[in-house]
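The values are calculated or read from the model by the stated rules, or taken from the named source; none is laboratory data. Note that the structure is a prediction, hence the values are computed from the model and not measured. With ideal geometry, Cβ positions are generated from the backbone for all residues, glycine too; neighbour counts draw on all protein chains shown.
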């Protein structure tokens, strides 16, 4: 079970330019296996330039771009994203696993050893998840500052020799693969058995960092027939620098006193977790007092990792309730926004900013605004009106407001938005978006209880915990226009 | 000496840059066609001067592109030399990357060149085993891990190769304490699997229990020490052993599965699913399996994961349900929970939204479609508001899934309604919609929705305005082409519509090759799928119209062919000729000539004879400017930056169409050698920069007995005086095709200076006309340094009396509002399509000072010449 080939492709800036293959790794033994397995149906991989062209076309970056292409978009074509198929003169190349990261397209071709005719069931192909995990690790390894990118790219051959010799994927954590390449010495006791995912051992002072990052997404419509939508989700990040081959940590994810107590639906965990109270919340337990803490026991790897993910579906109130009206009037827009902070939310922000994207039509010429606090500016591309609200809402009212007249510029410089969601914003259809971050706070009230953290074998360690609450895709739709919503069940 | 070393190092680098260049062009394999190139690479490996990173890269290139091109003898030589290098280098801990690459290349060489039974393979195994044997040696652990992987490759390609090392391997795996334990375990699992499957017909007895069970238990007990991806091969080997021996039960996987039910790692999740599908009902209880499905579905909604990973989980859900897991959905509770979790949210990306709905529609019991309207609400709004291709592709994918699963009237109605709404505003979506309809027709035996939707689309196109259809004919005519294949759809109206469309296109100068092809495709489908008795006259008219309206020879010929087939062949013959079984065949032309009456003689192409004098003459009778209103603003109107009264004026101007209508009399002179000319065509060869293309004029015939009136309609793009060549072509009595030139049409300055159509421009009152004049004058004569200068001003003195110039320009004069004569006389001329010439004339003794302003400066020399003619007339 192996991958036949790996490609790292640089996507063209414009659809008419050609994509460039930055790196390729072929595995001849796997290719031989593919020939043996496919017999007469064998289709070889193409030379890099052709492969890149077809791949880019298939994922929708080619000259045809996002337009309808029957060979790709027909209802008859089975959709298996992120697994793609490309058609060549010799036949089809499938299954190509593709991952996009910024301007990079990472792709691999897993070997299908026993494919019966018309069997495109992805569960039956073990290398699909291996290929995907390998690409994720490559993406992680290549996520470096641009000035270091070229150097990191030159390390890719060694990286792949370590992560997937002969295309057989054996490690898909970028940090551990890079650590293995350093081959630093370790001292092991006779009773130790080092895990393959922990090649380096920490020596020195012990410390544990546990941080919770919680996000909220919201879509407010202010329309009778449509309900507001919101989602709260988060993750616990961990970095444990502890001596020993496999120390155990036990901790509780519970609810802090004097904060909201919204039960977490369930936990999904990192493979290093040995046991966890991760079960889904029974429906009748959603609002029955303070939820029980969730206990997690795990043996941490050396690198930073996400210990668990959670979501909370029983949120009753939005953190910031907003009302937004926008009316176009003869070359200008009359805008009015009112925001009210919930008294459940900590009134201290790292940042709080409202943005009104005007992506369809002419650029903004000027804005005549009167915010109740903060300042209003226009983005450098003159497509977004930005209201920097500041670090605090007024303590008494917890309300801020903005009225503004936005003067639009030369119509001949109008552009059309690129994404379908933004193309929807024509005429009265419009939204504003809220960006904020509240430090040392979570809306669910969950935190890592510092008193519950235990390490085995017992050792002294420095514990640091942190929390932050962030908005992500927090939209308020114009109450005079239509909103892009789904109908709730 | 130093110079030699530098040269060697440079050679290595040059070879590498040559390889890189060929890599980027995709031609690196060609380098290896020359056998000496491989040895050139190998030589570089021995050179101390060549940098070790260069050597490593050369080896990697050799591994990837050079190995499968080697001859057997050459491969052995290469292996021998690489083994030498390995022997020499394997102890050097500072060259780990190089040695790792060397081991990989050497192993690949042995495998790809089928050298597993040869001496080099034996040597390689010895070398590798020697490395592997250094259990717990920390500095060499990377080499040992790689050596295990190399040995595993050899064992995979030559099962049993390492069976003699099994016991030592078991011991090594138990003793190994560094992270490469995983590699030892993987190697061992492969060796055990091959041992158990070795050539016996009753594999259950092939390996004793005490040789299998303890190491397997050890492996599974230490599964936690493996990386998720590293665990995969071990799990597959153990699964193979579970299937092939009686000593190991599937329950060996249960702890691993239960512990990883909550895992978010793609490999762990996949391993659990894979084992579950392989041993359905043998490991997990029904409750645990339901828990697994619930975890899988909730994984789609873990928003902190990469979108691609969420999509992958969705694929697994689809595959799980498709592969026998569908019975899960029989349980109402499981299905309900699945539907709740998979209902898309407004925050999902388009891909996830569409895929969720694809799974969701399949999860409803067949023929229950009550949620479709709500489910597709988001996609429908998006498609109807934006006409975006991606959103519409997604919408139709969901409709396809819904209709293939629930073939109900409600879904059918939804498809028709959405399709109608989309086509009204977004004709570019027609190919996508037709593809959907065809997919439905091909996938399902029931084609009701296909026929109903197509009929509805067909009616919609026929009721559309011709201008609209013409502007998007590439899309609209695809509907007519598809509906023409349906015998149950009446086609008389289609043909009449096409006749109207062709005539409209002709009058708009839009009869191009592409339009002709699109119309002919419809005609061909009509002939293939409909009885010619019903469409004979209408289709004949259309095809004749095409032969006359289109100037493109290809279109005319193809229309003529279809016309001939319609007129001369039976339906059966006609379908044989046009049917797909003959199309593209070399026999097509022979078949046509054999089947059509009178077409069996090959007459060759008609020759066009050009003649200087034919006796065909024409004379201009009159010129009349004709103003009419356009339905949409013309692209010929140039826009000035104006405000106030002029803004409204220019808005009217944008909708004004100005034509110069010339009447000509065409006659055949008495001296002509011909008595009668037939099929006379007159073509104006006007520059397309100056005029919009003028349609050809056709006459059935002309004789010496009488002349014919011809009307030429010219629509200027710019007011530029010009001379237009005119060509005539006709058929003579002796069936020759003759062409000749007629007197050119001269469009003069006076032809182009028209009286302003005040009423059409909404300026009725004289006072307002003065306002327009004054404001136009001000705009056109604004400061020349200003960036937005929009016109030019000029002055000319004409030596003539006031009444003379007044007589000459009287048609353009603006009388003074009070009725008295003013000091300044104003004249305003309209230059089609939308330009102006303004004159202000002041009399000074016996001369006139003419100030002029225009928004088309190129006209000024003509004005000057024209004023000179008045001057000289005095």
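Hey, residue A:373 hits all of (1) assigned to a strand (DSSP E or B); (2) over 30 Å from residue A:465 (Cα atoms); (3) at pLDDT 95 or above but one; which does it fall short on?
For residue A:373, the failing item is (1).
If you go through the stretch B:235-244 one residue at a time, do you hit one that is out of contact with any helix residue (DSSP H, G or I) (no Cβ under 7 Å at 6 or more places or on another chain) and modelled with pLDDT of 90 or more? Don't jump to the end; show me each part of the working.
Taking the stretch B:235-244 and keeping what is out of contact with any helix residue (DSSP H, G or I) (no Cβ under 7 Å at 6 or more places or on another chain), we get B:236, B:243.
Among the residues that remain, those that are also modelled with pLDDT of 90 or more are: B:236.
Within the stretch B:235-244, one or more residues are out of contact with any helix residue (DSSP H, G or I) (no Cβ under 7 Å at 6 or more places or on another chain) and modelled with pLDDT of 90 or more.
Looking only at the stretch B:68-91, which residues are modelled with pLDDT under 85 and in a helix (DSSP H, G or I)?
Restricting attention to the stretch B:68-91, the residues satisfying the condition of being modelled with pLDDT under 85 are B:68-73, B:88-91.
Within the stretch B:68-91, B:68, B:69, B:72, B:73, B:88, B:89 meet the criteria.
Name every residue in the stretch A:120-177 that is farther than 27 Å from residue B:321 by Cβ, free of Cβ contacts under 8 Å to residues at least 12 places away in the same chain and in contact with a helix residue (DSSP H, G or I) (Cβ under 8 Å, 6 or more places away or on another chain), in order of residue number.
A:144, A:152, A:161, A:165
Of the residues that sit in the stretch A:419-431 and are over 24 Å from residue A:401 (Cα atoms) and free of Cβ contacts under 8 Å to residues at least 60 places away in the same chain, which one is farthest from the other protein chains (Cβ to nearest Cβ)?
A:419
Give me the helices (runs of 4 or more DSSP H) completely within the stretch A:143-227, filtered to those with at least 3 residues that are more than 7 Å from every other protein chain (Cβ to nearest Cβ), modelled with pLDDT under 95 and more than 30 Å from residue A:128 (Cβ to Cβ), ordered by residue number.
On the way: elements: A:146-154, A:156-163, A:174-182.
Fully inside the stretch A:143-227 and qualifying: A:146-154.
Scan the stretch B:257-275 and give yes if some residue there is surrounded by fewer than 18 Cβ atoms within 10 Å (Cβ to Cβ), more than 9 Å from chain A (Cβ to nearest Cβ) and free of Cβ contacts under 8 Å to residues at least 60 places away in the same chain, otherwise no.
If we filter the stretch B:257-275 for residues that are surrounded by fewer than 18 Cβ atoms within 10 Å (Cβ to Cβ), which is where we start, we get B:258.
Of the ones still in play, those that are also more than 9 Å from chain A (Cβ to nearest Cβ) are B:258.
Next, from what is left, pick out any that are free of Cβ contacts under 8 Å to residues at least 60 places away in the same chain: B:258.
The answer is yes, given that some residue of the stretch B:257-275 is surrounded by fewer than 18 Cβ atoms within 10 Å (Cβ to Cβ), more than 9 Å from chain A (Cβ to nearest Cβ) and free of Cβ contacts under 8 Å to residues at least 60 places away in the same chain.
Considering only residues that are outside any loop (DSSP other than H, G, I, E, B) and in contact with a helix residue (DSSP H, G or I) (Cβ under 6 Å, 6 or more places away or on another chain), look in the stretch B:199-215 and name the one that is modelled with the lowest pLDDT. Show your work before the answer.
To start, the set of residues in the stretch B:199-215 that are outside any loop (DSSP other than H, G, I, E, B) comprises B:203-205, B:209-215.
Applying the additional criterion that residues be in contact with a helix residue (DSSP H, G or I) (Cβ under 6 Å, 6 or more places away or on another chain) yields B:203, B:215.
Working: B:203: 47, B:215: 86.
In this case the residue turns out to be B:203.
In the stretch B:105-164, what residues are more than 14 Å from chain A (Cβ to nearest Cβ) and assigned to a loop (DSSP other than H, G, I, E, B)?
B:117, B:118, B:133, B:134, B:160, B:161, B:162
Residue A:463 passes all but one of (1) over 30 Å from residue A:252 (Cα atoms); (2) surrounded by 13 or more Cβ atoms within 10 Å (Cβ to Cβ); (3) touching a helix residue (DSSP H, G or I) at 6+ places or on another chain (Cβ under 8 Å); which number fails?
(1)
What tally of residues in the stretch B:417-440 results from selecting those that are surrounded by fewer than 17 Cβ atoms within 10 Å (Cβ to Cβ) and farther than 18 Å from residue B:472 by Cβ?
1
Among the residues of the stretch B:287-297 satisfying the criterion of being facing chain A (nearest Cβ under 9 Å) and surrounded by fewer than 20 Cβ atoms within 10 Å (Cβ to Cβ), which is farthest from residue B:355 (Cα to Cα)?
So the first thing to find is which residues in the stretch B:287-297 are facing chain A (nearest Cβ under 9 Å), and the list is B:291, B:294-295.
If we keep only those that are surrounded by fewer than 20 Cβ atoms within 10 Å (Cβ to Cβ) too, we end up with B:291, B:294.
Details: B:291: 22, B:294: 17 Å.
Selected residue: B:291.
Test each condition in (1) crowded, with 17+ Cβ neighbours inside 10 Å; (2) within 11 Å of chain B (Cβ to nearest Cβ); (3) touching a helix residue (DSSP H, G or I) at 6+ places or on another chain (Cβ under 7 Å) for residue A:31 and report the one that comes out false.
So residue A:31 meets the others, but not (3).
Take the stretch B:229-246 and flag every residue that is over 14 Å from residue B:275 (Cα atoms) and at the interface with chain A (Cβ under 7 Å from one of its Cβ atoms).
Start the filter on the stretch B:229-246 by keeping residues that are over 14 Å from residue B:275 (Cα atoms), which leaves B:229-230, B:244-246.
Those that are over 14 Å from residue B:275 (Cα atoms) and at the interface with chain A (Cβ under 7 Å from one of its Cβ atoms): B:229, B:230.
Inspect the stretch A:432-445 for any residue being more than 14 Å from every other protein chain (Cβ to nearest Cβ), without any contact (Cβ under 8 Å) to a residue 40 or more places away in the chain and out of contact with any helix residue (DSSP H, G or I) (no Cβ under 8 Å at 6 or more places or on another chain) and give the result as yes or no.
Within the stretch A:432-445, none of the residues are more than 14 Å from every other protein chain (Cβ to nearest Cβ), without any contact (Cβ under 8 Å) to a residue 40 or more places away in the chain and out of contact with any helix residue (DSSP H, G or I) (no Cβ under 8 Å at 6 or more places or on another chain).
Restricting the search to the stretch A:128-142, which residues are within 8 Å of another protein chain (Cβ to nearest Cβ), buried (at least 24 other Cβ atoms within 10 Å of the Cβ) and either under 19 Å from the mean Cα position of the chain (by Cα) or over 15 Å from residue A:171 (Cβ atoms) (or both)? Talk me through it step by step, then tell me what you get.
Here is the first cut: in the stretch A:128-142, the ones within 8 Å of another protein chain (Cβ to nearest Cβ) are A:128-130, A:132-134, A:136.
So of that shortlist, the ones also buried (at least 24 other Cβ atoms within 10 Å of the Cβ) come out as A:128-130, A:132-134.
Scanning the stretch A:128-142 gives A:128, A:129, A:132, A:133, A:134.
Right, residue B:310: more than 7 Å from every other protein chain (Cβ to nearest Cβ), crowded, with 18+ Cβ neighbours inside 10 Å and modelled with pLDDT under 90 or not?
Working: more than 7 Å from every other protein chain (Cβ to nearest Cβ): yes; crowded, with 18+ Cβ neighbours inside 10 Å: yes; modelled with pLDDT under 90: no.
It is false that residue B:310 is more than 7 Å from every other protein chain (Cβ to nearest Cβ), crowded, with 18+ Cβ neighbours inside 10 Å and modelled with pLDDT under 90.
State whether the residues of the stretch B:75-88 include one that is surrounded by 19 or more Cβ atoms within 10 Å (Cβ to Cβ), within 13 Å of another protein chain (Cβ to nearest Cβ) and within 21 Å of residue B:23 (Cα to Cα).
The answer is no, given that none of the residues of the stretch B:75-88 is surrounded by 19 or more Cβ atoms within 10 Å (Cβ to Cβ), within 13 Å of another protein chain (Cβ to nearest Cβ) and within 21 Å of residue B:23 (Cα to Cα).
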